[in-house]
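Only one structure is covered here, and it is reproduced in the block below.
What follows draws every value from the coordinates through simple rules; no lab data is involved. Quantities reported herein were computed from a predicted structural model and do not represent experimental measurements. No Cβ is skipped: glycine too gets one built from the backbone with ideal geometry, and neighbour counts run over all protein chains shown.
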Amino acid sequence: MPPYVSIEYVNRRLTLLSLLVAMCLVVAGCGGPSSSKTDNSGIPAYATGADVQGQKQFASYWVDTVNTATVTGKTKKMKSLAAPSCTVCAQFAKKLDDIYGAGGNVKSKGWRIDSLIPIANQPKDNPGLQMNMAVSPQVVTAAKGQAAKTFKGGEVSWRFFMTRKDNHWLVQRLEV
């Protein structure tokens with residue numbers, strides 16, 4: 001980012017963030033096994049493994065959780081999956097809280113994870129995944145009585161970094 005940041009640049013980044021939050025709803029075919037067993041964190045056991053498979057399952061579980069929060073406006077679970085260092089996670093939650101708190105909503109078919117690829121040379125306890133997704137079109141009503149805005153959707157790539165806490169993962173940071 002340049003030393004001088006224009007309002008236009010900030011507005012583009014906020015619009016992108018709003019778009020990314022808005023596109024969350026229901027992930028088609030990305031969930032883990034249907035096991036309902038959870039550990040003390042409330043995370044299903046299938047998404048807590050310390051190996052690459054567990055990392056991928058946690059990433060899919062996180063996307064499912066974000067999509068559920070987008071549909072319901074209930075962000076508590078989504079917030080519980082983020083480490084304090086994940087500012088993008090906090091921004092997602094705030095945007096949803098603002099939309100639903102103002103009587104708005106988001107309509108979309110959400111994200112579909114196309115691939116999860118381990119990022120090389122990451123510490124074992126702080127791994128990363130390249131998360132490539134297809135995003136459905138979405139309609140966002142930011143507040144009751146406001147006109148809805150439509151977003152086209154498309155392809156999105158994230159760098160999804162995790163950290164281990166107790167016996168489960170948390171999202172450490174997200175990079176677009």
*Compute the length gained on full extension between Asp98 and Lys74: take 0.36 nm times their separation in residues and subtract their Cα-Cα distance, giving the result in nm to one decimal.*
7.5 nm
*Which loop trypsin sites (Lys or Arg not before Pro) in segment 43-112, with loop taken from DSSP, have no more than 15 other Cβ atoms within 10 angstrom of their Cβ?*
Lys74
*Protection proxy ranking, peptides 81-87, 125-131, average beta carbon neighbours within 10 Å, highest first*: 125-131, 81-87
_Can you tally the lysine pairs in segment 105-176 where the Cα-Cα distance is under 26 Å and the two residues are eight or more apart, or on different chains?_
8
*Taking the mean number of other Cβ atoms within 10 Å as a proxy for protection, how do you rank 41-48, 161-168, 143-150 from highest to lowest?*
41-48, 161-168, 143-150
*With label points built 7 Å along Cα→Cβ from the Cα atoms of Ala83 and Arg112, find their separation and express it in nm.*
3.2
*Counting other beta carbons within 10 Å of each Cβ, put Trp158, Trp62, Trp169 in order, fewest first.*
Trp158, Trp62, Trp169
*Could you state the per residue volume, in Å³, of the convex hull enclosing the Cα atoms of segment 41-176?*
98
*asked:* At 7 Å along Cα-to-Cβ for each site, give me the label-to-label distance between Ala120 and Lys152 in nm.
replied: 3.3
*According to the square roots a ≥ b ≥ c of the eigenvalues of the Cα gyration tensor, what is the shape class of segment 74-129, taking rounded for a/c under 1.5, prolate for a/b larger than b/c otherwise, and oblate for the remainder?*
oblate
*Under 17 Å Cα to Cα from Lys76, which lysines show up? Leave out anything in the same chain fewer than 8 places away.*
Lys94, Lys95
*Would you list, by chain and number, the aspartates and glutamates whose Cα falls below 20 Å from the Cα of Lys79, excluding same-chain residues fewer than 8 positions away?*
Asp39, Asp64, Asp97, Asp98, Asp166, Glu175
*For Asp114, list long-range residues whose amide hydrogen, built 1.01 Å from N in the peptide plane, is under 5 Å from its own amide hydrogen.*
Asn132, Met133, Ala134
